[in-house]
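Read through the structure below, which is laid out as structure tokens, and then see the notes.
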Amino acid sequence: MADTTRFRNGFTMEIGKELWQIVKFQHVKPGKGGAFVRTTLKNVKTGRVVDKTFRAGEKVTEARVERRKHQFLYKDSLGLHFMNTEDYAQFTMSADQVHGRAFLSEGGMIDILFNADTEVALRAELPRSVELTVVRADPGLKGDTATGATKPATLESGAVVNVPLFISEGDVIRVNTDTGDYITRVSTQ
């Protein structure tokens with residue numbers, strides 16, 4: 001058990017049989033009445049975000065969540081298969097547990113959140129940005145850099161993103177996995 005004085009960003013607690021992580025918090029001491037803590041919580045399994053207020057000193061059940069690096073191996077009818085890069089243990093997760101799965105390519109690295117007490121895989125998250133190769137895009141023309149127009153491009157993971165007109169097949173680009181937006185060209189073919 002822990003109380004509100006232990007709250008910090010990233011603190012994980014169990015509320016109603018679900019694990020919630022603090023995204024941000026604020027201690028408030030009004031002129032009248034007792035102090036309280038305003039929090040924004042993120043469900044560790046689903047990613048849903050809610051606001052919740054706790055009385056100062058209120059007890060909560062602390063949960064330990066560990067983030068471990070894994071390599072994506074392949075996808076089949078059973079789900080997505082991953083391998084722990086430290087002990088080479090393999091396991092499968094359903095596709096809905098993987099945040100940003102459209103940008104996951106074979107051999108790519110991903111963080112998987114585990115409940116440290118039960119060793120259950122909760123959720124997999126890609127980094128904020130990934131570098132992927134463009135496998136299909138219309139050819140760019142000289143002078144296309146000034147207009148700011150975009151075109152669809154298919155990446156090695158199968159995802160389709162809008163990219164500037166100067167991007168061509170074989171280019172490696174950086175993509176934001178949260179929004180699916182093009183960030184920059186990393187290298188050309």
Spread of Cα-to-Cα distances over 10 Å intervals beginning at zero, given as percent, for the stretch 129-187
26, 60, 14, 0
Determine the relative contact order of the stretch 2-62: mean sequence separation of Cα pairs under 8 Å and six or more apart, normalised by residue count, in whole percent.
37 percent
If unit charges are put on Cβ atoms (+1 for Lys and Arg, -1 for Asp and Glu) and the dipole of the stretch 1-44 is taken about its Cα centre, the option from I15, T40, A2 lying farthest towards the positive end turns out to be T40
Given a cut-off of under 8 Å on Cα pairs at least six residues apart, what relative contact order in percent is computed for the stretch 71-189?
19 percent
What residue among Q97, G170, P30 has its Cα farthest toward the positive end of the dipole of the chain, where the charges are +1 on Lys, Arg and -1 on Asp, Glu, each on the Cβ?
P30
Between [x] 9, 37, 35, 15, 4, 0; [y] 9, 28, 24, 20, 13, 5, 1; [z] 8, 27, 29, 16, 9, 6, 3, 1, 0, which entry matches P(r) over Cα pairs in 10 Å bins from 0, in percent as derived from the coordinates of this structure?
[y]
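How large, in Å, is the stretch 66-125 by the Kirkwood hydrodynamic radius built from its alpha-carbon pairs?
11.4 Å
Read-outs throughout are calculated quantities, based only on the coordinates presented, and are distinct from any laboratory measurement. Remember, it's a predicted structure, so these values are computed and weren't measured experimentally. Backbone-built Cβ (ideal geometry, glycine too); neighbour counts: all protein chains shown.
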